[in-house]
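Report on one structure; see the data block that follows.
The values are calculated or read from the model by the stated rules, or taken from the named source; none is laboratory data. Since we're looking at a predicted model, the values are computed, not measured. Quick reminder, even Gly has a Cβ in these numbers, built from the backbone with ideal geometry, and neighbours come from all protein chains shown. Ligands, DNA and RNA are stripped out before the accessible areas are found, and what is left, the full protein with its side chains, is counted by its heavy atoms. Shrake-Rupley method; radii C 1.70, N 1.55, O 1.52, S 1.80 Å.
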Amino acid sequence: ITGFSPNELIKMKRLNRSADLLKQGGLTVSEISYKVGFEDPYYFSKCFKAHFNCTPKDYKKKGASG
């Protein structure tokens, strides 16, 4: 129906949740990666950049400034 595999849907849901947490602030990128279910912060950053076209750190800065 969606054109995505179950794994892709779960990953997208986790990444969208991490974006919300980054906007809220208060947690580091590593803490957020673990909180949403990624075991490796490096892999989380790689997936985040592929999904949002920017690094979690840059996304967090944008959320804090805007």
**Message:** Sequence gap at least 6, Cα distance under 8 Å: using those rules, report the relative contact order of the chain to the nearest whole percent.
**Reply:** 32 percent
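Please give the charge dipole size of the chain, origin at the Cα centre, charges +1 on K and R Cβ atoms and -1 on D and E Cβ atoms. Round to the nearest 20 debye. Intermediate results must be reported in sequence, preceding the final value.
Numbers: 12 positive and 6 negative charges, 42 e Å.
The dipole magnitude comes to about 200 debye.
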**Complete:** In cubic angstrom per residue, the convex hull of the chain built on its Cα atoms measures 84 Å³
**Request:** Show that you can apply the helix-only estimate: for the chain, add -39,500 (n - 2.57) for every DSSP H stretch of four or more residues, divide by all residues, and state [θ] at 222 nm to the nearest 500.
**Result:** -22500 deg cm²/dmol
**Asked** What accessible area per residue comes out for the chain, rounded to a whole number of Å², with a 1.4 Å probe?
**Response** 71 Å²
**Fill in**
With DSSP loop assignment and no more than 11 other C-beta atoms within 10 Å, the GluC sites (Glu not before Pro) in the stretch 1-53 are E39
